[in-house]
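The values are calculated or read from the model by the stated rules, or taken from the named source; none is laboratory data. Computed from a predicted structure; not experimentally measured. Ideal geometry is used to build each Cβ from the backbone, glycine not excepted, and the neighbour counts take in all protein chains shown. We work out accessible area using only protein heavy atoms, side chains counted, and drop any ligands, DNA or RNA first. Shrake-Rupley method; radii C 1.70, N 1.55, O 1.52, S 1.80 Å.
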Amino acid sequence: MPLKRVVIPVLLLAAPAPALAGPWLRAEDRTFLSTSVEIDAEGGISDGGGFYGSVYAEHGLTDRLTLGLDAGGREDNMSKAIAFLRWPVGATDRTLRLAAEFGLGMARETFALRPGLSLGRGVALGDTPGWISVDSRAVIIDSFDGVLETDITFGLSPGPDAKVILQLQTGIPTDSAPYAKLAPSYVHRIAPGYHAEIGVVAGVAEADDFKLKIGFWHQF
């Protein structure tokens, strides 16, 4: 039997866990940290309005419970800071994974709750392993005011040091029209445990911004 007929199914079952969100949990005592900035391609960062920074972290408390932090904001305004727990729903050895999470913290300078669900599985494009996931979260502020966010992510790992990611970011706010953004990026390992990311974020519906994204990942 050709080796690739064995390797590809194993990769799909293991799900080549993407670093950000998804239903894949961190292993016990393992930590992931991501920092990134998004810079307005036209306005730059001189006025503070074209700059957005974020920090995302996960730590495996156990193999079935991950603690995380999702925070971000502009130069002069922290727009969110949510601590959350994620746990698997059902068996963790199946191809299609499902996980639930519950978070609480601050959004729009107000106390917020953030329940969510994540669904994902490993995929392959030819001999290239990858993954697809859907992450949906409800940011609840002031008695169901807030936003329903859903991110659909497709990623490939064309080599041991590279990841290519395409993400559709959508939101349905209670006080404005639904929006959608497209965020392609490339991630490259620059040292053991360290990755650099470069990409763009482009509005496609009710969002006309175009931003350059630069980020760094650290796993330990």
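The set of residues in the stretch 110-126 being touching a residue at least 12 places away in the same chain (Cβ under 8 Å) and not hydrophobic (A, V, I, L, M, F, W, C) consists of THR110, ARG114, PRO115, GLY116, SER118, GLY120, ARG121, GLY122. Against the conditions (1) of a type outside the set (S, T, N, Q); (2) open to solvent by less than 60 Å² (accessible area, probe 1.4 Å); (3) within 20 Å of GLU38 (Cα to Cα), ARG137 satisfies every one except (3). Return the pairs, sorted by first residue and then second, in which the second residue is surrounded by 15 or more Cβ atoms within 10 Å (Cβ to Cβ), the first residue lies in the stretch 92-103 and is of a type in the set (Ser, Thr, Tyr), the beta carbons are less than 7 Å apart, and the residues are 6+ apart or on different chains. Final answer for the pair search is THR95/LEU12; THR95/ARG121; THR95/GLY122. Applying the criterion of being open to solvent by 40 Å² or more (accessible area, probe 1.4 Å) and at pLDDT below 80 to the residues of the stretch 18-42, the residue that is farthest from ALA196 (Cα to Cα) is GLU42.
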